[in-house]
Structures are given as structure tokens and as C-alpha cells.
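Novice: The structure follows.
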DNA sequence: CAGCGAGATCAAAACGATTCAAATGGGTTA
DNA sequence: TAACCCATTTGAATCGTTTTGATCTCGCTG
């Protein structure tokens, strides 16, 4: 097990060189009381006489004292931070989740440490190690790999965690997710309703359960409509971003017969595909109908407004945080809970066929 | 209260799990050495015999020991974290900056604490306070208010900071910015070149220097083209997001005479405006030409591909981090530096008038 | 006046790591 | 044999806070 943070930056070879800030001792001296009294003034004001309290606060103010979280943490054995590990912060969907989580955490006086694994296992392990070193109070995690062995670091340290945008297997943890199977079914069901029979699913990495579930839903929809599974083209993009979408789009154009109804694993992929199609002179929705996933703000503003499956990103982040906080503060018999939101199809022009 | 919190954690805990994690003492006991030796094994392996080192590492592995960053920090007097405070993480531009900063920091063995002030002063102060409590090694800040008095918390604690996407006034700090005046000039200059004479600037909050500078540049361009200042319509959106853009767009439509060339303070606003215009049946670029700012990924994928002023987001984040690291590790006579990137106009269909 | 409880304050002991000076032990040299 | 050296290892101090019991000072009751 390597330390998450290696020595890198000019480590102080000469301790005592750098000025340590104002400490509780300085405040105590200035207010002419003991350090215990200063601590009480800040944490249990009701124990002090109004006079002493005021005197201490004046000294705090005057010296600009800010308590050291590390010392407080060391004593308390835990921090006031949550860790949030997302797949890709540049995806507005995760940005929205992070935002919701941050708001909810702040309401409980907790900070959030935001990290971006970039769907990279090494980065994921780095950050989970960081969470452990920091002894974060809890973690919100969207794991990269389905096995999620990297979470053992958290378990060993008794750090509770909640899965974000991922269903917990068994009763390992709480989780907040969206029913991706239904989401996929809605998307492809809609394409089928529009009369399309040559369906493609443009997936992200199949190692992600989200991508697998959306495929499952897509195939289910085909079953229900009596369309043969095997006619469904599946293209797997390497990552879930716009660039990978552009790539996947050109691969799609090479296929024959060319699908007429395309369901993309998320909006970034869909927007990338859209760019490729537009550049290639393929008309959307007339030649190819397109459905995305997440309904990020930009879907509605796309070249052709994008039909998408909406997930309540901010609400998911907030709910996950609430579950986590409840687990942290909760009594012994905490039972893991899986909150599942329903996806919602938002139809826009990219999928509406005119006849 | 704290005791209750500690008790709540361990549903999945095996018996024998203590509420506090494995400490260096446990490792020392398991490896039959002193704590000092364990510490050395981890931080100065060259001091130990190969045999002892191996024995200690085996114990570390077996117990799943992860050192407590708070204890280490307390002793060291500073942490291995940088703080990054951005205006809005849901804006892909800031996402890109954060990503660049994170990469650069990780290369130096530093972690980054990402925070989102949501352009809210209270949130900004909360997070800066958090940075101080955490004794972060340094901070990357895009302040909400122009006065930036909230930064005094950092100054008092000798925490170095670098301005991100904001020029430092005087020699207060290093900064990484883009020449927004030039950016504004490029944008509006381009609109004027296309023959537009009724120009509008769709700004975000004027409290943001970015918004003010872009306006300055816009007016400069008018001067140079001999167009009167006063004919420029200025609409101020409350926030810099898509929704605010939609609002601003409908306000714009009410104006008469209606401007034909519109420069938006950022791409989110522009995309919002674009949605409103399209919905209202106003043709872009024929009725109204549109220019955005930031050149986020989605600009190219917009309903009408969006002309935009590109800023190198990731590079800005990385550069800022490098400046900060240099200041942290640097010698006494550190001189603050302002790295200014040049904006670049990327012309797409939204601004090209056909005649 | 002795006794007592309440209110206010404090001294000292943690917490978990790092570091420095000192101790240990084995080998070499004078 | 004594003196010294080098490589290892360690005890103890330290960082800034919170918390726990102890102390001290009142004012009140019996």
C-alpha cells in the first residue's frame, strides 16, 4: 500500500522555519485564561460566564484565530469532511450531483472534497486512499469498476459510504440510483414507437453498470415490440465524453445496414454523435433519430434539440448526502437503503419523425 | 454527541474492529519495533535494515494501516492539500480549469479540495474559512466580489493564493487570467465586421471583473469602428448559466430597436439566449448573430454552432497550480507573477451573415 | 458556623504521527 | 583490552485541540 501523497513539494527540511499561525495558546494568553477556557468559549459557550466569553471572543477576533482542523480532528478521530468521487467532473451531470451534495452537506456543517476519477482505476484508488488518510466522515462514490474492491480501504477504516448513481449489491451500503433499465426501455421504446426498426445502442464502457443496464432496458423494449435482439447494433465508446461520441458516430456511419434509431448512453456521447452526423450531412431526425441520457442543460440547446432521459442530478446528490449523514449520525440498527429515482423521457426534435 | 456519532458507524463491522482505526502503535506492536521505526520505514526507508523494513511493511499490509493525515499535519504544521474555489462547477469552463489544476497538483503529490461558491459571498466565506481551518498548503481562487476582502482569512494564516481567471491588483498575489478586454474586442469586432451596427452585450453580474472587462473590450471595438457607445444595448443577467441566459434572451427580444449582433458574457448565457431565439422563431445568424465566450465543448454542438472566444481552461488551471507550487516551495524573494493568456476567436455559424 | 451545591475555571491527559538526541550492539583499530 | 565508529533502533518531546476530573469561590441552608 503506497501512501496516497508522496513527498513532492519542497518539504520543510527546516522545521520551525515556517511561522505557525496563531494557536489557541496565543488566544489564551491574550485573554488571560487557560486554553481549556478558550476551547469552551468556542464549543460550549454556555459553560462560561458572559464576561469571560466576551473577553475570549474579543481576543479571537483581534488575533484572527482560526482553529486547526487537524488538531481538532486528531483529537476527535474523525473529520468534518465528506469525500465525493465522481466519474467525470466535466460532465455536467456529475457537476449537478456534486452541487446537490455540496449544498446538502453545507446545511449539516460538513465540507465536501470533490474528486474526479476520470474513469481511471488508478486515480480512483489514489483518491480513496486520500479519503482514508483524511479520515473523511463519509464518502459518496461512483465506482469505476463493478467489483469495487478499491472500497475495501474505506471499509477497513470504518468510513461509511453511499453509492451515487449505482445500485449497491446486497446490503453493502446505501445507494442512490436511477432505474437505468427503465430508462433504456423508455428511450428505445420511444424510438420503436416512432417506427424505427433498425436500432443502435451507442454505449460507453460496458464495465459500467449504468451502460449495461441501459442496454438491458433497450433490449427489453425490443422484446416487447417483437423486434429481434440480434438486429440491434451495439457500439461501445471508450469514454463517456463528446470526443468519444464523435468517434463512435463515425464508426456508426460505417455500419450497414445503417441504423435509423440511435440510443446513446449519455448526452455527451449523443452530442458528439450529432456533430459527426451533421458534419456528414446525415439529417437528424429524418435519416437518423437520436436519443440521449441525463438531460443535461445542453441537450435542449443542441444543434437538433436532443430527446433525452432525464435524471434528477442535484436531487440525487442531495439525497445521497442525506442518507450518508443519517448513517453517520444514526443509531446502531442502521439499515441500508436504496433510493431509486424514476427516469423521465423528455422528447425533443432529435427523435420525432415526420411523415 | 461525538460519542454517539462514533457509535453509529459500524453495521458491517466485524467484531474486533475498534472504533478508532489501526494506528502506528498497532503496526509497531505487530512488527515488534518502536513507533519511530514504523515511521521511518514509511518515510525514510534508507535508514532501516532491509530486514526490519520488510517486517514493518508486512505488518502495514496485514493490518491495512493508513496513516492519519491529521496527525501528520498537526506535526508538520501544514497539509498536503490545495484549495480550489471556483464560481460555478456546473460550468464546464470551471470544470476544465479544475481538471487541469487537479492533474498538475497530483503530479506534485498534492490533493485538491474543490469548492463551488455559486457566486455567493456567504458560500465563498464559508469555504475560505474551511481552507484556513484545514491549513491548506495554498489556494486557487476565483473570488466573487471584486474587493476580495474575504481573502484576509488566508493572508492572516500565511496561506499563499493565486487568482484564477482574475488579474491580481497590485502585487497581492500571482494570477492566471485571460485578457478579457481583448476577448471582448475580438468578439464585438467580429460582429462589426459582419456588418452589424446594433450591438448588444449580454452580461453577467457586473460585480465580476470578467463581465466588466468584456464590456470594456466590446465598447473599445465599437470606438475603433466609429460606432457610438450609446447605441450598445447592455442586458445584465443575474447569473452566468443557461437559465439566466433564457431569461436575458426574452428581455432582449422586448428591446426596440432589436439588436442584430449579440455578444454574450459566456457560452452558457449564449446557449440560453439561443434557445429563446429559436423558440421565438428568430433566425440565427440571419436575424441575430450570436457570439459566446469560453468555447466550451457544447458550443460547437449547439443548435447553431456557436462562435465563441476560446480560453484554455485546463491549461489555466495547470499553470495556476504551478505558480502556486512555485510560491510554496520557493525561496524568500518570491515575486508575484501574472500569466495572461490570449483569447482566441473561434468563428462558427452563429455569427456568419450571408448576403 | 459547618456543610453543601452550583458555577466558573483550570491542569493535565489524551489523540497519532514525526523527529532528534541518545542508546545499543557489533566490529575494527590502536 | 580499551577506545572508537558506524549502522540501527528507540524514548521522549512535540504539534493544537478537546475533554475529564479537580479546584476554587461563592452564597445559601440548617
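All of the numbers you see were taken from the coordinates with simple rules; none came from a lab. As the structure is a computational prediction, the values presented were derived from the model and not from experiment. When we count neighbours, we look across all protein chains shown, and the Cβ atoms used for this are built from the backbone with ideal geometry, even at glycine.
Novice: Sorted from shortest, what are the nm distances separating the label point of residue B:77 from equivalent points in the other copies, each placed 7 Å from Cα along Cα to C-beta?
Specialist: Distances to the matching label points in the other copies: 3.1 nm.
Novice: Taking the DSSP beta bridges in the protein assembly as shown as the whole, what percent of them are antiparallel, to the nearest 5?
Specialist: Numbers: 7 of 77 bridges.
Roughly 10 percent of the beta bridges in the protein assembly as shown run antiparallel, per DSSP.
Novice: Once you wrap a convex hull around the alpha carbon atoms of the protein assembly as shown, what is its projected area averaged over all directions, in nm²?
Specialist: Quarter of the Cα hull surface area: 35.3 nm².
Novice: Okay, moving on. With the calculation restricted to Cα positions, what are the radius of gyration and Dmax of segment B:111-150 in angstrom?
Specialist: Just the Cα atoms of segment B:111-150 yield Rg and Dmax of 9.8, 28 Å.
Novice: If the chain between residue A:283 and residue A:58 were fully stretched, how many nm would it gain, using 0.36 nm times the residue separation less the Cα-Cα distance? Before the final figure, lay out the partial values.
Specialist: On the way: separation 225, 0.36 × 225 = 81.00 nm, distance 7.00 nm.
That pair, residue A:283 and residue A:58, stretches by 74.0 nm at full extension.
Novice: If you wrap a convex hull around the Cα atoms of segment B:277-355, how much volume per residue is inside, in Å³?
Specialist: Given the Cα convex hull of segment B:277-355, per-residue volume reads 99 Å³.
Novice: Also, I was wondering about something else. Copy-to-copy spacing for residue B:54, label 7 Å out on the Cα-to-C-beta vector, in nm, shortest first?
Specialist: Copy-to-copy label distances at residue B:54, shortest first: 6.9 nm.
Novice: Across the residues of B:234-246, average count of Cβ atoms on other protein chains within 10 Å? Provide the component values of the computation, followed by the final result.
Specialist: On the way: counts 0, 0, 0, 0, 0, 0, 0, 1, 6, 1, 0, 2, 2.
Per-residue shielding by partner chains comes out at 1.
Novice: With Rg and the Kirkwood Rh both taken from Cα atoms, where does Rg over Rh land for chain A?
Specialist: We get a ratio of 1.12 for chain A.
Novice: Given 10 °C and 1.306 mPa s, how large is the Stokes-Einstein diffusion coefficient of segment A:62-206 in µm²/s, with Rh as the Kirkwood radius over Cα pairs?
Specialist: Approximately 92 µm²/s, per Stokes-Einstein.
Novice: Sorted from fewest to most neighbouring beta carbons within 10 Å, what does the list A:137, A:156, A:246 look like?
Specialist: A:156, A:246, A:137
Novice: How far is residue B:255 from itself in the other copies, in nm, if each label sits 7 Å out from Cα along the Cα-Cβ line, shortest first?
Specialist: When each copy's label point is compared with this one, the spacings are 4.6 nm.
Novice: Continuing with the same structure: When the convex hull of the Cα atoms of segment B:219-355 is projected onto a plane and the area is averaged over all directions, what value comes out in nm²?
Specialist: Averaging across all directions leaves 10.8 nm² for the Cα convex hull.
Novice: In addition: Hey, for a label at residue B:206 modelled as a point 7 Å past Cα toward Cβ, could you say which residues of segment B:120-145 have their backbone N under 20 Å away?
Specialist: Answer for this model: B:120-121, B:144-145.
Novice: If you stretched the chain out fully between residue A:171 and residue A:258, how much longer would it get, using 0.36 nm times the residue separation minus the C-alpha to C-alpha distance?
Specialist: Length difference between fully extended and current span is 27.0 nm.
Novice: Hey, any idea what Rg/Rh is for segment A:62-133, computing Rh the Kirkwood way over Cα pairs?
Specialist: 1.07
Novice: Another question, then. Taking all pairs of different Cα atoms in segment A:309-354, averaging 1/r and flipping that mean, what Kirkwood radius in angstroms comes out? Walk me through the numbers before you get to the answer.
Specialist: Working: mean 1/r = 0.0752 Å⁻¹.
About 13.3 Å, per the Kirkwood formula over Cα pairs.
Novice: Would you list A:57, B:89 from fewest to most Cβ contacts within 10 Å?
Specialist: Exposure proxy ranking, most exposed first: A:57, B:89.
Novice: On to the next question. Provide A:63, B:219 in ascending order of the number of other Cβ atoms located within 10 Å of each residue's Cβ, fewest first.
Specialist: A:63, B:219
Novice: I would also like to ask the following. Using Cα atoms only, what is the angle between the long axis of helix B:121-134 and the major principal axis of chain B, expressed in degrees (0 to 90) to the nearest 10?
Specialist: 20
Novice: Sticking with this structure for a sec: Whole angstrom only: what separates the Cα centroid of segment A:46-118 from the Cα centroid of segment B:132-173?
Specialist: Centre-to-centre distance over Cα atoms comes out at 18 Å.
Novice: Work out how much length residue A:326 to residue A:42 would gain on full extension: take 0.36 nm times their residue separation and subtract the Cα-Cα distance, in nm to one decimal.
Specialist: 99.7 nm
Novice: Continuing with the same structure: Starting from the Kirkwood radius over alpha-carbon pairs of segment B:14-106, derive D by Stokes-Einstein at 25 °C in a medium of 0.890 mPa s and give it in µm² s⁻¹.
Specialist: Taking Rh from Cα pairs, D becomes 153 µm²/s.
Novice: Hey, another quick one. Using only helices, what value at 222 nm comes out for the protein assembly as shown when you add -39,500 (n - 2.57) per DSSP H run of length 4 or more and divide by the total residues, to the nearest 500 deg cm²/dmol?
Specialist: -13500 deg cm²/dmol
Novice: Given just the C-alpha atoms of segment A:151-292, how large is their convex hull per residue in cubic angstrom?
Specialist: Output value, Cα hull per residue: 109 Å³.
Novice: Antiparallel versus total DSSP beta bridges in chain B: what percent is that, nearest 5?
Specialist: 10
Novice: Could you list log10 I(q)/I(0) for segment B:217-275 at q = 0.19, 0.20, 0.29 Å⁻¹, which the Debye formula gives when each Cα is one point scatterer?
Specialist: Values, matching the q order: -0.69, -0.76, -1.16.
Novice: Restricting everything to alpha-carbon atoms, can you work out Rg to Rh for segment B:172-232 with a Kirkwood hydrodynamic radius?
Specialist: On the Cα set of segment B:172-232, Rg over Rh gives 1.03.
Novice: Pairing the Cα long axis of helix A:267-279 with the longest principal axis of chain A, what angle in degrees results, from 0 to 90 and rounded to the nearest 10?
Specialist: 40
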